[in-house]
Amino acid sequence: MDFSTLDKFLDEHLWYYGLYGCDLAVTYKGQTVYRKQLGIDDIETGKKINGNELYYIFSATKPVTCAGALRLVERGLLELDAPVSRYIPEFENIKISTPDGVVKAKNVMTVKHLFTMTAGYDYNIYCEAVDKLRGKNPNFTSRELAAALSEFPLHFEPGTDFLYSLCHDILAGVVEAVTDMRFCEYQKKNIFVPLGMTRTCFHADGLDEKLFATQYLYDNGEKKCRKIPLKCEYTLSPNHDSGGAGMICCTDDYMKFVCAMSLGGTSKDGYQLLKRETVDLMRKNHLPYNVERKFIRRMLGYSYGLGVRTMVDKNAQHAKSPVGEFGWDGAASAYVLIDPDNQVGVYYAQNVRDCGYMYHIGHPALRDHIYKALEL
């Protein structure tokens, strides 16, 4: 394996795009074959990235949330095609916003619609439904947030379009309703502890800020970063565990999840996070053709599975990864790649928010340099 071109890319892309530091890990057939930290964590102090940093991983939370929910599907406690109202009754009377006003929805919202971001929600965490809930109870749970969002007038009939949204926060609420456990405790019991993810959590209470990577905001025009406060605005209350964007994690911990998934759902230590057929179901394209076309325009060559992008046309961008490679990313440039067919797992951690370059150029380049080095 020759990772020299990957090394060169990491060196050059940080310098050219004005980024400060990153942390990259790659596993192949369950073994770590590449791990590198590069650059500066805190530009003010000169502290270097050392690989132990905690990160707010934002939407890189989503694959872990969906894996947790799919464990309930495996056990028969949650059905993909069941109405959400079976688990949270408030969803019985969902409504749609139309040019003629708000009307009762014709389609039933299913659990699968939440997984696939086709339920009709958006990502407005300051909407009236959330504000109303916060006014009544500032310490609301994920289950209570989901119930409150049942009052949100949807943008379209469930199942008819794709819109990146709060769907996985609602899914976390469904998990709470099904298990009668707080979502963070369910994930801890079923994923974090069994996989040895000892530094992973949903809230920063009691954590020293010095343990975190410094957070920056990227100016795409100037190619510069500026330091911003260390926080995750998607965690909406002390008892809300954001299934869409709330996890705090370090690279070593997240790689334990990625590695298990790349091995078909079972960790090197033998813990079965998911069955192989469930991993395959997760990475299957679940968007109808007319909806899939819209997602492909968002991410060339990919469609969307159960909470993850999934490669459906590698020729669309001459990708070196295979059809069925899947994963997601995060608002601070995190990147997740899982390939069970070749047993490849990748996690890239960065601390720069809103860096458009990473999603459109950086992540695909990382993917292709890694596959070239692995000679796959």
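The values are calculated or read from the model by the stated rules, or taken from the named source; none is laboratory data. Source: prediction; values computed, not measured. FYI the Cβ positions are ideal-geometry reconstructions off the backbone, even for glycines, and counts take in every protein chain you see.
Quick grid of which residues meet (1) charged (D, E, K, R); (2) at pLDDT below 95:
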position	(1), (2)
45	no, yes
69	no, no
77	no, no
92	yes, no
108	no, no
117	no, no
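Against the condition out of contact with any Pro (no Cβ under 7 Å at 6 or more places or on another chain), of a type in the set (Gly, Ala, Ser) and in a helix (DSSP H, G or I), how does residue 260 come out, does it pass?
Judged against the criteria, residue 260 is a match.
Mind checking which residues of region 106-120 are buried (at least 22 other Cβ atoms within 10 Å of the Cβ), of a type outside the set (S, T, N, Q) and not in a helix (DSSP H, G or I)? Answer for region 106-120, where residues must be buried (at least 22 other Cβ atoms within 10 Å of the Cβ), of a type outside the set (S, T, N, Q) and not in a helix (DSSP H, G or I): 109, 117, 119, 120.
Filtering 34, 87 for residues that are in contact with a strand residue (DSSP E or B) (Cβ under 7 Å, 6 or more places away or on another chain) and modelled with pLDDT of 95 or more leaves a single hit, 34. Tell me, yes or no, whether region 314-324 has at least one residue that is within 20 Å of the chain's Cα centre (by Cα) and outside any loop (DSSP other than H, G, I, E, B). Looking through region 314-324, none of the residues is within 20 Å of the chain's Cα centre (by Cα) and outside any loop (DSSP other than H, G, I, E, B).
When you check residue 103 against the structure, is it at pLDDT 95 or above, buried (at least 21 other Cβ atoms within 10 Å of the Cβ) and not aromatic (Phe, Trp, Tyr), yes or no? The answer is no for residue 103. Of the residues making up region 69-90, none is on the phi > 0 side of the Ramachandran plot and crowded, with 19+ Cβ neighbours inside 10 Å. State whether one or more residues within region 213-228 are in contact (Cβ under 8 Å) with a residue 60 or more places away in the chain, within 15 Å of the chain's Cα centre (by Cα) and either under 30 Å from residue 140 (Cβ atoms) or surrounded by 18 or more Cβ atoms within 10 Å (Cβ to Cβ) (or both). No, region 213-228 has no match at all. May I ask you to verify whether residue 143 is buried (at least 19 other Cβ atoms within 10 Å of the Cβ) and charged (D, E, K, R)? Criteria met by residue 143. Residues that are among the aromatic types (Phe, Trp, Tyr), at pLDDT 95 or above and buried (at least 19 other Cβ atoms within 10 Å of the Cβ): does region 278-296 have at least one? For region 278-296, residues among the aromatic types (Phe, Trp, Tyr), at pLDDT 95 or above and buried (at least 19 other Cβ atoms within 10 Å of the Cβ): absent. Of the residues 274, 287, 300, the single one that is outside any helix (DSSP H, G or I) and in contact with a strand residue (DSSP E or B) (Cβ under 7 Å, 6 or more places away or on another chain) is 287.
As for region 335-349, it holds no residue that is buried (at least 16 other Cβ atoms within 10 Å of the Cβ), modelled with pLDDT under 95 and of a type in the set (Asp, Glu). Taken together, the criteria place residue 294 among residues that are farther than 18 Å from residue 32 by Cβ, touching a residue at least 60 places away in the same chain (Cβ under 8 Å) and not in a loop (DSSP other than H, G, I, E, B).
Can you tell me how many residues within region 173-191 are surrounded by fewer than 22 Cβ atoms within 10 Å (Cβ to Cβ), free of Cβ contacts under 8 Å to residues at least 40 places away in the same chain and in a helix (DSSP H, G or I)? Of the residues in that region, 3 qualify.
Of all residues in region 14-23, those satisfying the criterion of being surrounded by fewer than 23 Cβ atoms within 10 Å (Cβ to Cβ) and closer than 22 Å to residue 52 by Cα are 14, 20. Summed over region 325-334, residues that are within 16 Å of residue 283 (Cβ to Cβ) and part of a loop (DSSP other than H, G, I, E, B) total 1. Selection of first residues in region 19-42 that are assigned to a strand (DSSP E or B) and of second residues that are surrounded by fewer than 19 Cβ atoms within 10 Å (Cβ to Cβ) and of a type in the set (Ser, Thr, Tyr), restricted to Cβ pairs under 6 Å at least 6 apart or on distinct chains, gives the following pairs, ordered by first then second residue: 26/34. On the given criteria, is residue 241 of a type in the set (D, E, K, R), part of a loop (DSSP other than H, G, I, E, B), in contact (Cβ under 8 Å) with a residue 60 or more places away in the chain and under 27 Å from residue 146 (Cβ atoms)? Yes, satisfied. The set of residues in region 25-42 that are touching a Phe, Trp or Tyr at 6+ places or on another chain (Cβ under 6 Å) and surrounded by fewer than 22 Cβ atoms within 10 Å (Cβ to Cβ) comprises 34, 39, 40. Of the residues contained in region 153-163, none is found to be hydrophobic (A, V, I, L, M, F, W, C), outside any loop (DSSP other than H, G, I, E, B) and either modelled with pLDDT under 95 or within 21 Å of residue 327 (Cα to Cα) (or both).
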